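The values are calculated or read from the model by the stated rules, or taken from the named source; none is laboratory data. Computed from a predicted structure; not experimentally measured. Ideal geometry is used to build each Cβ from the backbone, glycine not excepted, and the neighbour counts take in all protein chains shown.
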Amino acid sequence: MLSYFIPTAKGLAPLLEVELKEMGIENTKQLNGGVTFDGTLEQGYKVCLWSRFASRVLLKLSEFKVLDSLDLYLGCSNIPWEEHFDVTSTFSIDFSGSNDEIRNTQFGALKIKDAIVDRFRKKFDDRPNVEKRDADIRFNGRLWKDKATIFLDLSGSPLHLRGYRTIAGEAPMRETLAAGIVKRSGWQGEALLDPMCGSGTIVIEAAMMALNIAPGSLRQTFGFEKWKKHDDECWKTLKTAAQVYAKRAVNQCESRFYGSDLSKEMIEIARQNAQRAGVAELIEFSVADAKKVLPPAELETGMMITNPPYGERLGGFSDTVALYTELGFHFKDAFAGWNLSMFAMDTELLSCLGMRAGKSFKFFNGPIECVLKNYRISPKRNQEKVEEPLPVSTSPSENPERLNPWTMGRAGDKLIPEVNVNSESDVLLKEMKQIKPAIYSEAFANRLSKNMGKLEKWAKRENIQCYRLYDADLPEYNVSIDRYGEYIIIREYRAPKEIDSGKVRRRFLDIVSTVRYMLNLSDDKLVIKVRERQKVRQQPESTKKQTLVIHEGQAKFLVNLQDNLDTGLYLDHRITRSRIANMAQGKDFLNLFCHTAAASVHAVLGGAKSTTNVDMSKTYLDWAEENYAENGIKGVHEFIQQDCIKWLQHAHQMFDLIFIDPPTFSKSKRMADVFDIQDDHIALLTSANERLNANGEIVFTNNKRGFKLDIDAIKGLGFYVKEISQSSIPEDFKRNSKIHQCWILSKHDK
């Protein structure tokens, strides 16, 4: 009898052991990283050919005690290597493990290589060559504490390389892991759909299972083929039987498979892979967005198995949260009655689906610990006729007879009745506990609800469409939340490096799930972004211009909610812009660091005679011109792309009113020097003063925390200084009194 060790990926060993027993292999034993058994050579070949979960098939050659490198060398010297390969063949050594004396895997492999070479030299006065990549025969050494085990690798290249996938997508999943996911999903042969199939690995592996295609039958070579003890007749018999069976099985399979992906290129790759795997007739591929894909019309139920992208594949964790949340809403609506199996990087992400899992399994995708969760999506029930609901208020406190929209939700598939906001708090909390999602923060929800009750009534009274609902009110929930009409933007402040990343992810998931639940948002009305705490004045990188027209008083502005961190409108300067409109009648207005020229639009609508807008960003200036066009503005108005500091030094025009809202810090290729608002504000205001008429005024603001205006230097320029910081902060920013500072610098005392 021969002794084998069959390594596999973490999480697959139980499946591998069951699979070996189904092959008729007894005396199996799970060890760390795989399964061992004693059996025949034919059984070793059978594992190479039929195993869906094995990484390799290792045949034990020797086992001995090792205390130091000499023991390893001598133990390997006693192995009759010449019985396994010739001196004309190439070989390679894989080594893993360490002890107190052998601490480096390369050193361990080197000692085994030396023992092999020296034995051949002693016997044949010649030596075989080492070939790391395409060796004729491979050996494997494993060291555990004081015991070394030497194996012949019968598989050669890893067994997850089936042979059908010549091109894979970004971050491809190994075929062995895909097979494990299908097995753990509980799939029983019903229709199977992967709505984010990539190169098709999951559906192809499932189809091969349905046809009982031996995974190894597609491979061109195995490691044992140049082994001197290889039984070629035995191997050919096993392989021929497997190939014949597969050809017969295609016409007998009743299962059907569907794969879709947003990428047309990946779908074409998936089709080619399925063709090579021999399962193309069973799989229907299509190009579709997973957030919009629908089940095949002929199916009432089925199984969805998928591995959504995450992390850098999407652009960041926040993008991943948004995707999973939208998938949850869509799957529950479009795939009612289906089974769903989702593979993801962590449990918290899957909680965004808003569903309760029946079973959960831990896997590893390479070094990344992942989880597979199985769900049963509740079938849709016949809706009973109900009375017409009362109108829904946009404010919890607006009308005691009207009801709070964030208490609307789903429990299973029944609509939850609205809750009277004047009910006792314990009754309200009881209702909330019955309908809240799996990820939900009571503390955050209470604060957001309080803000909504105060701000939504104010916004309606003031006819304000865009305002801030929440700004890191609770330190542990470190985001800002803005409303832009029907849209909600969650901006995640980057946490300090010393904060545990897992805790940051969990809290952010709390926020996203709670906001969607409380505001009853549809899938396309939530935008998630990541930003630094300070206002970042950066030129947008994208020009997709997913714009929305919003109103602010008499003005209209184009805002871009999706493409960039910056929407094109700084909400904290709403009052400042209104003040500028009141100050601008009949004046020549200069807007330095003009951004999208929102202040200039207000100035024109307030009666400004002319406006001049200066900014270093062409993107912002183009955007500014679009804002002018949106408001039907014509006349004497300039848009100048230049460094504001340099422009002031060479400009000749004079102005009656100047607005300066500079960045806190700036450095770009177009600037010769670094600009720091604290160090450089006097030089900036000195240059601006030279362009100001005798009775002119400057509105100067910035958002640097801890900024100190040099009052004495300002007065030395001949200005009267009036701070308006507190009165310039709107109601929705009152909780953050340091959001900006603002002054009016006048050439005359008012």
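Listed values, structure above:
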item: Single condition LYS10 does not satisfy, out of (1) among the charged types (D, E, K, R); (2) within 22 Å of LYS183 (Cα to Cα); (3) modelled with pLDDT of 95 or more; (4) in contact with a strand residue (DSSP E or B) (Cβ under 7 Å, 6 or more places away or on another chain); result: (3)
item: Qualifying residue in region 221-239 (condition: part of a helix (DSSP H, G or I), among the β-branched types (Val, Ile, Thr) and assigned by TED's automatic domain parsing to the domain that holds LEU323); result: no
item: Residue under evaluation PRO309, criteria (1) at pLDDT below 90; (2) surrounded by fewer than 18 Cβ atoms within 10 Å (Cβ to Cβ), criterion not met; result: (2)
item: Qualifying positions in region 421-468 - polar (S, T, N, Q), at pLDDT 50 or above and in contact with a helix residue (DSSP H, G or I) (Cβ under 9 Å, 6 or more places away or on another chain); result: SER441, SER449, ASN451, GLN465
item: Members of region 658-686 that are in a loop (DSSP other than H, G, I, E, B) and either under 29 Å from SER610 (Cα atoms) or at pLDDT below 80 (or both); result: ASP661, PRO662, PRO663, THR664, LYS667, SER668, LYS669, ARG670, MET671, ALA672, ASP673
item: Selection within region 13-27 - touching a strand residue (DSSP E or B) at 6+ places or on another chain (Cβ under 7 Å) and over 21 Å from PRO158 (Cβ atoms); result: ASN27
item: Cβ pairs under 6 Å, 6+ apart, first in region 258-287 and without any contact (Cβ under 8 Å) to a residue 24 or more places away in the chain, second outside any strand (DSSP E or B); result: ALA280/ALA274
item: Which numbered condition ALA9 fails, given (1) within 20 Å of GLY156 (Cα to Cα); (2) free of Cβ contacts under 8 Å to residues at least 24 places away in the same chain; result: (2)
item: Whichever residue in region 725-743 is of a type in the set (S, T, N, Q) and surrounded by 16 or more Cβ atoms within 10 Å (Cβ to Cβ) and, among such residues, is nearest to the chain's Cα centre (by Cα); result: GLN741
item: Some residue of region 241-256 being within 34 Å of the chain's Cα centre (by Cα), surrounded by 14 or more Cβ atoms within 10 Å (Cβ to Cβ) and not aliphatic (A, V, I, L, M); result: yes
item: Evaluation of MET196 against (1) surrounded by fewer than 17 Cβ atoms within 10 Å (Cβ to Cβ); (2) assigned to a loop (DSSP other than H, G, I, E, B); (3) modelled with pLDDT of 95 or more; (4) not β-branched (Val, Ile, Thr) (one fails), failing number; result: (1)
item: Count - residues of region 693-722 that are over 22 Å from PHE665 (Cα atoms), surrounded by fewer than 20 Cβ atoms within 10 Å (Cβ to Cβ) and not small (Gly, Ala, Ser); result: 8
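Conditions (1) within 16 Å of LEU152 (Cα to Cα); (2) surrounded by 15 or more Cβ atoms within 10 Å (Cβ to Cβ); (3) at pLDDT 95 or above; (4) more than 42 Å from the chain's Cα centre (by Cα), marked per residue:
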| site | (1), (2), (3), (4) |
| --- | --- |
| ILE93 | yes, yes, yes, no |
| SER96 | yes, no, no, no |
| THR105 | no, yes, no, no |
| ASP114 | no, yes, yes, yes |
| LYS122 | no, no, yes, yes |
| GLU131 | yes, no, no, no |
| ASP134 | yes, no, no, no |
